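One structure is given here, and the rest of the page talks about it.
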């Protein structure tokens, strides 16, 4: 863009800032996964809620299907996502982190293919959520933040200091 | 804007969508506050964390100081915010909700005064966070989502069904 003398339109948020925003959240969530002891990641729960491993696996599925949908317009229905279909779910922290990192790379790679006008296009995402791409994407980033906040409570109640919320990089 | 034939530049997110995004989150957080029994709102805690009333009061302070800073460029330092200064803190759920609703109105009113180019301006927010306005604002919206997710765990562990995460309006 620095080679280009055309004035860019003023943006509320730039696509590259939005990518950093999303990946910053994912970087922090990765640290929260790491902070769990292996057993507690898969078994610890409060109030009948899911263990954090199940939330993390949901987040991996949503991010992977989400970036694919953003780029291609082809959305897997929620029932077809790995965490619902129950297929090949990671059974160790190391495997969760490995899948997490693959999605991180996929997002960085695919993001470059998203044209500016895509963010305001209407899609029926995941077979059921209709709206502009930007709203759908913010929803899954919010969903991650929401569940990660729950992971903080799990960690605190286990006597483990969570990573600082402000550290996204 | 409908009276205007000038083509608006393509936006990743429109200012009015960003307002709905923020207020949608605030509407949901309001429901979480309401879902707490009076006593538990002020006293229930897990893992040594703050009761949800203290988180809610922080969110009120940040939102009020945040919209003021966005509009005026004048930022109160974090130590001067009500929830740090300890002054006139609400002591009942009704008073928290009343203050919450005042800030809701203030945000809706003030938002109209924010010009498009403001979102990319650099400020030193709350006396310590330097960055473009959009990043600072998303940070406090994220902070609310984060703490609200913690409130969900408090509610679940109290046997109370939280309001649905997807219902923002």
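The values are calculated or read from the model by the stated rules, or taken from the named source; none is laboratory data. Just so it is clear, the model here is predicted, and its values are computed rather than measured. Note that we place each Cβ from the backbone using ideal geometry, even for glycine, and neighbour counts take in every protein chain shown.
Things to note:
- Of the residues contained in the stretch B:89-99, none is found to be more than 14 Å from every other protein chain (Cβ to nearest Cβ), under 15 Å from the mean Cα position of the chain (by Cα), more than 30 Å from residue B:43 (Cα to Cα) and not in a loop (DSSP other than H, G, I, E, B).
- Subset of the stretch B:1-42 (residues that are at pLDDT 95 or above and exposed (fewer than 11 other Cβ atoms within 10 Å of the Cβ)): B:39
- Test result for residue A:139, within 19 Å of residue B:140 (Cα to Cα), surrounded by 15 or more Cβ atoms within 10 Å (Cβ to Cβ) and touching a strand residue (DSSP E or B) at 6+ places or on another chain (Cβ under 8 Å): yes
- The stretch A:46-62 residues that are over 14 Å from residue A:32 (Cα atoms) and within 14 Å of another protein chain (Cβ to nearest Cβ), paired with ones that are at pLDDT 95 or above and not in a loop (DSSP other than H, G, I, E, B) (beta carbon under 6 Å, 6 or more apart): A:46/B:153; A:46/B:157; A:47/B:156; A:47/B:157; A:49/B:156; A:62/A:140
- Single unsatisfied condition, residue A:66 versus (1) over 18 Å from residue A:140 (Cα atoms); (2) under 10 Å from the mean Cα position of the chain (by Cα): (1)
- Boolean, residue A:81 is more than 19 Å from residue A:142 (Cα to Cα), surrounded by 14 or more Cβ atoms within 10 Å (Cβ to Cβ) and at pLDDT below 95: no
- The set of residues in the stretch B:66-75 that are assigned to a helix (DSSP H, G or I) and either within 14 Å of chain A (Cβ to nearest Cβ) or touching a strand residue (DSSP E or B) at 6+ places or on another chain (Cβ under 9 Å) (or both) comprises B:66, B:69, B:70.
- Checking each residue in the stretch A:138-161 for being within 7 Å of chain B (Cβ to nearest Cβ) and under 14 Å from residue B:13 (Cα atoms) picks out only A:138.
- Scanning the stretch B:100-122 for residues that are under 22 Å from residue B:139 (Cβ atoms), in a loop (DSSP other than H, G, I, E, B) and away from chain A (no Cβ under 12 Å) yields a single hit, B:113.
- Residue in the stretch A:162-169 that is over 21 Å from residue B:135 (Cβ atoms), surrounded by 17 or more Cβ atoms within 10 Å (Cβ to Cβ) and within 14 Å of chain B (Cβ to nearest Cβ) present: yes
- Top-ranked residue in the stretch B:123-137 [being over 22 Å from residue B:33 (Cβ atoms) and in a helix (DSSP H, G or I); ranked as nearest to the other protein chains (Cβ to nearest Cβ)]: B:134
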